[in-house]
Each structure stands twice: as C-alpha cells, then as structure tokens.
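The values are calculated or read from the model by the stated rules, or taken from the named source; none is laboratory data. Predicted model, so just to flag it, every value in this text is computed and none were measured. Neighbour counts run over all protein chains shown; Cβ positions are idealised from the backbone, glycine included.
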Amino acid sequence: MESELRSALLATANAYADAARCGITTVSRRVKNNAGFFKGLEDPSKSFTARTYDEVMEWFARHWPAGKPLPSSLMKWMADTGYQLTAVSA
C-alpha cells in the first residue's frame, strides 16, 4: 500500500512541476517547506504517514494551476476521499 501511495505522490508532484513549469525542489518547498521532500520519497527506505499523503494531495487539489489537466493520481485521491474543489472568491 505504501508503495502505491508513494507512486501517486511522486506522479502528482512531477505532473504539478510540469504544469507549473518549475522544478521538483520548488514543488517540495511549496508543498512541505522542505526542498528535499519529494527526492526523499524516491528512497523506499524513507517512510511517511497516511496523514502526510492526504495533506500533500489536498495541497495539490487546492493549488493546481488553472487550466491545466489534473493527473489521474490526483483525480483518484479526490474520488476516494470525496474531496470537492471549491471556487476561490476574490
């Protein structure tokens, strides 16, 4: 299970980096205020909690670049959790 969650986090992070036109360390800083967060996840000996997984996926759902397609990994998390995007009022 952890392997699947790890893959989903990394796929979503890489898709965000492409959509936002930035590097993975920038994504790590934005999401967790830790430039090495996603690089660390590439090491299967490093662990993370289900809470971290949900917090990171929620961050991506809230901050996905406008007009860019959501990756399947994020759409699956949204469907599994019942997360609904809400419009941001100005």
Look at Arg30 and say whether it is modelled with pLDDT of 95 or more, surrounded by 12 or more Cβ atoms within 10 Å (Cβ to Cβ) and either more than 11 Å from the chain's Cα centre (by Cα) or basic (Lys, Arg) (or both).
yes
Do we have any residue at all in region 22-38 that's aromatic (Phe, Trp, Tyr) and closer than 17 Å to Ser3 by Cβ?
yes
Would you mind telling me which numbered condition in (1) touching a residue at least 12 places away in the same chain (Cβ under 8 Å); (2) in contact with a Phe, Trp or Tyr (Cβ under 9 Å, 6 or more places away or on another chain); (3) not in a helix (DSSP H, G or I) Cys22 fails?
(1)
Positions within region 52-78 being of a type in the set (Ser, Thr, Tyr) and crowded, with 16+ Cβ neighbours inside 10 Å, in sequence order
Tyr53, Ser73
Which condition from (1) on the phi > 0 side of the Ramachandran plot; (2) in a helix (DSSP H, G or I) is the one that Gly67 breaks?
(2)
Specify the residue that is farthest from the chain's Cα centre (by Cα); the eligible residues are those in region 38-53 that are free of Cβ contacts under 8 Å to residues at least 24 places away in the same chain and part of a loop (DSSP other than H, G, I, E, B).
Ser45
For Ala35, are the conditions met, namely being hydrophobic (A, V, I, L, M, F, W, C), outside any helix (DSSP H, G or I), free of Cβ contacts under 8 Å to residues at least 12 places away in the same chain and touching a helix residue (DSSP H, G or I) at 6+ places or on another chain (Cβ under 8 Å)?
yes
Taking Ala15, is it touching a Pro at 6+ places or on another chain (Cβ under 7 Å), at pLDDT 95 or above and either in a helix (DSSP H, G or I) or of a type in the set (D, E, K, R) (or both)?
yes
